[in-house]
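To start, the structure itself, in structure tokens.
Please treat every number below as a calculation from the coordinates, not as lab data. Predicted model only: the values in this text are computed from it and were never measured. Backbone-built Cβ (ideal geometry, glycine too); neighbour counts: all protein chains shown.
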Amino acid sequence: MPSAQIHFHGNLSDFLTARRRCRGSTVHWSDRRSVKDAIESLGVPHVEVDSIMVGGTAVDFSYRLQDGDRVEVYPAPGPGRRLSPEAQAEPRFVLDCHLGRLARYLRMLGFDSRLPDDCSDEQLVQLSVRQDRTLLTRDRDLLKRKQLQRGYYVRATRPRLQLQEIATRFRLAHSMQPFSRCMECNASLRPAAKQEIDHRLQPRTRRSFDDFLQCSACGRVYWRGSHFDRMQALVDSLK
């Protein structure tokens, strides 16, 4: 039976079993097999792959494995022809329902981050493709959907660490626009005159603050209260 050796570089090893990390990965097949199918059979979603080299030659996902091939698989930035889409100048995201805190943090930084309610996996994928958004999830199988073009498996489990991870992976520091987007609904914020929202303020807030922002969609009001310094410190830690 023909076989090929596949070596995963960088953080792609996160998807492998401990045994495969130590010994490498060998795949066998009886019928013709694409390198994409072989890679995903080992647990690595195609959207995590940036380039593939076989015998020093760059190949794409449609490449048919040959007996004895040695395949090198790289995350971004890889050494060969890029298989992943170009990075977006203004990154946009869609997150599955288990990443609500991360979605709020990304909105705090000013990034368009959809968090659909009660979306099926197929609907999440279609939203990602239709609106050219990067799908963020901790569901590995979801990232293997063949239609998906942009996606990322979030390794961290704690929201602040997740934010640091995403900021690093997508180089968000230079495109942040903090406090420009509603953390609740994702719409843009606009300055609000105090007299326009006075009836919505608690007496202490009314006495202590004069500058406000209001969501253009849901109407939520924001001001620089005691929480602001903590949020600003989080923003500063990502620069």
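Brief remarks on what is shown
- Straight-line reach from LYS144: taking Cα to Cα under 19 Å and skipping same-chain neighbours fewer than 8 places apart, the lysines in range are LYS36.
- Global form of the stretch 55-113, assessed from the alpha-carbon gyration tensor, a/c cut-off 1.5: prolate
- Here the Karplus relation 6.51 cos²θ - 1.76 cosθ + 1.60, evaluated at θ = phi - 60°, turns the backbone of the stretch 39-48 into coupling constants of 4, 6, 5, 8, x, 9, x, 4, 5, 8 Hz, with x for every Gly and Pro.
- Computed label-point distance, nm, for sites ASP117 and ALA233 using a 7 Å Cα→Cβ extension: 3.4 nm
- Within a Gaussian network of the chain (alpha carbon springs, distance under 10 Å), most fluctuating of ARG107, ARG130, ARG81: ARG130
- Estimated FRET transfer efficiency when R0 is 45 angstrom, pair SER180-PHE61 (beta carbons, to 0.05): 0.75
- The 3J(HN,Hα) values that the Karplus relation (6.51, -1.76, 1.60; θ = phi - 60°) gives for the stretch 64-79 are, in residue order, 8, 4, 10, 4, x, 4, 10, 10, 10, 10, 10, x, 6, x, x, x Hz. Gly and Pro appear as x.
- Extreme residue, positive dipole direction of the chain, given options CYS97, LEU42, THR205 (C-beta unit charges): THR205
- Total formal charge among the other residues, if their Cβ is under 15 angstrom from that of HIS174, Lys/Arg +1 and Asp/Glu -1: +1
- Percent antiparallel among DSSP beta bridges (both partners in the stretch 3-74, rounded to 5): 75 percent
- Local net charge near THR134, Cβ-Cβ under 9 Å (Lys/Arg +1, Asp/Glu -1): +2
- Candidate values (i) 0.99; (ii) 1.06; (iii) 1.10 were compared with Rg/Rh (Cα atoms, Kirkwood Rh) computed on the shown model; the agreeing label is (iii).
- Our coupling estimate for the stretch 5-16, obtained by passing each phi through the Karplus curve with A = 6.51, B = -1.76, C = 1.60 and θ = phi - 60°, is 9, 10, 10, 9, 9, x, 6, 5, 5, 4, 8, 8 Hz, Gly and Pro reported as x.
- Considering only the chain, percent of DSSP beta bridges that pair antiparallel, nearest 5: 60 percent
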